Amino acid sequence: MPEDEVPLHYEGIALKTWARAVGWPLGLACAVGGVMVAGRASGFVVEMVGVVAAALGGMTIVALLRCHRFEIVLGARLLTVGAGPLLRRVPVGLIDRVEDRAATSWRRLYSDHEVVVRLTVGDRVMIFPSNDPREFMAAMGSRRLD
């Protein structure tokens, strides 16, 4: 979105407290435990188990740091959604329909609701978490659909 453009809708949704409370100790335990097992291992298989555990713990910690907030930015020309480096941008002219429903899958880590955006290109669908799907849908309705 250009810097001089004011968004029609913005949401910055933090990870739920329980996800952070479980993720940090689990990630740290896997990382530290894996390093300890790999460092003290006497066999190849045990060493590899430690390396894999350390890698999984490290990836969990990085994911918690980089994806701690999911952002939705609706501009006059562009919809941008994503967490950390995982962003997706779609021109609003490609949006066909917008629906809301109870959150499923990984989106429950951020919110109890999700927005389903159906695109005019094929059968493409974007689904993302939202704390206020009605406000997002109202902002979509405030702009003229072509």
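The values are calculated or read from the model by the stated rules, or taken from the named source; none is laboratory data. Remember, predicted model here, so these are calculated numbers, not experimental data. Ideal geometry is used to build each Cβ from the backbone, glycine not excepted, and the neighbour counts take in all protein chains shown. The area values use the complete protein model at the heavy-atom level, side chains included, leaving out ligands, DNA and RNA. Shrake-Rupley method; radii C 1.70, N 1.55, O 1.52, S 1.80 Å.
Within region 123-146, if we keep just the residues that are part of a loop (DSSP other than H, G, I, E, B) and modelled with pLDDT of 85 or more, the residue that is surrounded by the fewest Cβ atoms within 10 Å (Cβ to Cβ) turns out to be ASP123. Within region 56-71, identify whether any single residue is more than 21 Å from ARG20 (Cβ to Cβ), in a helix (DSSP H, G or I) and not hydrophobic (A, V, I, L, M, F, W, C), and answer yes or no. No: zero hits.
If the condition is being within 18 Å of the chain's Cα centre (by Cα), of a type in the set (A, V, I, L, M) and open to solvent by less than 80 Å² (accessible area, probe 1.4 Å), then region 41-77 contributes ILE61, ALA63, LEU64, ILE72, VAL73, LEU74. Scanning region 108-122 for residues that are open to solvent by 70 Å² or more (accessible area, probe 1.4 Å) and closer than 17 Å to ALA19 by Cα yields a count of 3.
Of all residues in region 9-30, those that are closer than 20 Å to ARG134 by Cα and touching a residue at least 12 places away in the same chain (Cβ under 8 Å) have Cβ atoms under 9 Å from Cβ atoms of residues that are part of a strand (DSSP E or B) and among the β-branched types (Val, Ile, Thr), 6 or more apart or on another chain, in HIS9/ILE72; HIS9/VAL73; TYR10/ILE72; TYR10/VAL73; GLU11/ILE72; GLU11/VAL73; GLY12/ILE72; ILE13/ILE72.
Remark: pairs (first residue in region 118-142, among the charged types (D, E, K, R); second residue surrounded by 12 or more Cβ atoms within 10 Å (Cβ to Cβ); Cβ separation under 6 Å; 6+ apart in sequence or on different chains) = ARG118/ASP96; ARG118/ARG97; ARG118/VAL125.
In the set (1) in a helix (DSSP H, G or I); (2) under 25 Å from SER130 (Cβ atoms); (3) open to solvent by 40 Å² or more (accessible area, probe 1.4 Å), ASP100 fails one condition alone, (1).
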